[in-house]
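Okay, so here's the structure we're looking at.
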Amino acid sequence: LTGGLLRPMGKRGSVRSLFNKFDTVVSVSGGTWYAASLVYSERFLTLQEALALVSLAETGELILEEWFYRLDSALNVVSNISEGLAWGTSGAALLNAVAKMESSRGASSCQAPCTAGDVPFGLVNSVVLLSTADLQPTATLGDPVNSWAESKWWLPSVSIATPAVHNPGHVQVTVLNERSTVVSYQVKSKMHADIPLYTPAKFSICLGDCALKQAPLPFCATADCFGYQQVYYEGNKLERPMAFSPPLGEGYGSAFSNVSKLGLLGVATASSAFLGPVVLQRPEACKTSTTQLLQSAWFTSGPVTFLEGTKNILASTKLPAKEAATILAHTSTQAIMDGAFTDSTGILQAVAAGATDVTSYIGDVRGVVNLFAGGNSTLNGPDPCFSNVLFFQIFSTPWQTIEAEVTSFRCLKVPSIEGRSDP
């Protein structure tokens, strides 16, 4: 789409000129992969702008040569990636894992998410960003950026898993499921009784030379989130909590006191972890392996937030339930996943940041329509093992009015390419 918007500009066109009017970039899910590459990778920016200068037939070849084949080659030999954790596997195993991830989308039962995710999602992310954009696992949000992004705010959106204490489905976040030992948590709050299954949140940084230690915006859109507290249990003994975390706001304050040092890979993994809900289930519903737990990003209050969170999850597999719960609670280790589970459009976080004029790349208009009064609160209703997306109605206009306007929009049509009959 960006290449198509650049094409009418010809040689005069550039990503900088296309996005010049925008002062904030919000990214969601796979859009965070794209944004990270476009912001930090000179190689990827060059590829993006080159797509506007070649023929339509050559566009596909360029993407294959400069993006897909590089990723395909990297999948064949992968080791010592993923923020200091050594994971060795074959390209075939990774491709199989990704295929399983894709096949589990929209699953209506526990079976797909319980069996998907043979490879930690952070590893998949690392392979994508390294092979297609030359972004190293050690890259941080404070690294130099391409000139088009200089001084813009970047907000990668995420969803925090926050199943409430005493929720009707008894859904919990599983953190340990080894050797017949199950440890999980739910969330409570003194400030707010109505806690959603997912809470929308975002990272934020002023890109380039304006990068400051402190994040320009709070992690949560409302103050409620900062008062959340994790309650840890063993198995289904929900009447006998083992440990309590500090208010999560304390951890957020520590973690975002130097946002420029946050790992780019960790942020991209959190924002796009679409299999993250595999950790959101009744512990007896599925046997969740440690590798499957790593389909979510694990965030902690330590100075190296994602690395420490992942280490905490791995270390807990060797500990008794009580000791594991105590350590995880003390460090406020929590599951953070794909921002699309709370806002598939980026509009929610843009408005929360103060924007009044928003342009959104979307593939599904339901994400927009359900932001308006009377829209659906969930996509298909929550599944106790693999939960669906939530919608937050932030606009007062009735959803029917917006749906009528959206469906009357003019649509882009992919032009025919010589020798092909694609619509």
Legend entry - Vicinal HN-Hα couplings computed from phi for the stretch 2-16 (Karplus, 6.51 cos²θ - 1.76 cosθ + 1.60; Hz; Gly/Pro x): 4, x, x, 5, 7, 4, x, 7, x, 5, 7, x, 7, 4, 4
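Highest first, please rank the peptides 356-365, 222-231 by the mean number of other Cβ atoms sitting within 10 Å of their residues.
On the way: 356-365: 11.5, 222-231: 18.8.
Averaged packing, sorted descending, gives the order 222-231, 356-365.
What accessible area per residue comes out for the stretch 17-64, rounded to a whole number of Å², with a 1.4 Å probe?
On the way: 2230 Å² over 48 residues.
Ligands and nucleic acids excluded, the figure is 46 Å² per residue.
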Inset, instruction - Can you tell me how much longer the chain between I327 and H166 gets when fully stretched, taken as 0.36 nm per residue apart minus their C-alpha distance, in nm with one decimal? - result: 55.6 nm
Legend entry - Solvent-accessible area, 1.4 Å probe, carbon plus sulfur percent, for the stretch 10-57: 55 percent
Inset, instruction - Report the local net charge at S41: Lys and Arg +1, Asp and Glu -1, summed over other residues whose C-beta lies under 14 Å from its C-beta. - result: -3
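At a 1.4 Å probe radius, which order do M337, M242, M9 fall into by accessible area, largest first?
Numbers: M337 0, M242 30, M9 55 Å².
Ranked list, largest accessible area first: M9, M242, M337.
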Legend entry - Ordering of 125-133, 268-276 by packing [mean C-beta count within 10 Å, highest first]: 268-276, 125-133
Legend entry - Computed lengthening from K190 to R7, 0.36 nm per intervening residue step minus Cα-Cα distance: 60.5 nm
Inset, instruction - Over 31 Å between C-alpha atoms is what I'm after, so list which of K21/K261; K152/K188; K11/K202; K202/K237; K190/K322 land there. - result: K152/K188; K11/K202; K202/K237
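Can you send over the carbon and sulfur percentage of the accessible area for the stretch 316-396, probe radius 1.4 Å, protein chains only? Each step should come with its number before you reach the end.
Working: 1980 of 3490 Å².
For the stretch 316-396, the apolar C and S fraction of the accessible surface comes to 57 percent.
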Legend entry - Under-5 Å amide H pairs with V26, H placed in peptide plane, nonlocal only: L155
Legend entry - Carbon and sulfur %, accessible surface of the stretch 122-224 computed with the full protein complex present, 1.4 Å: 56 percent
Legend entry - Lys/Arg +1, Asp/Glu -1 at C-beta; the stretch 188-242 dipole; positive extreme among F219, P241, L207: P241
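The values are calculated or read from the model by the stated rules, or taken from the named source; none is laboratory data. Please read these numbers as outputs of a predicted model, since none were measured by experiment. As a convention, Cβ positions derive from the backbone with ideal geometry for all residues, glycine included, and neighbour counts pool all protein chains shown. Side chains are part of the model used for accessible areas, which takes the heavy atoms of the whole protein and leaves out ligands, DNA and RNA. Shrake-Rupley method; radii C 1.70, N 1.55, O 1.52, S 1.80 Å.
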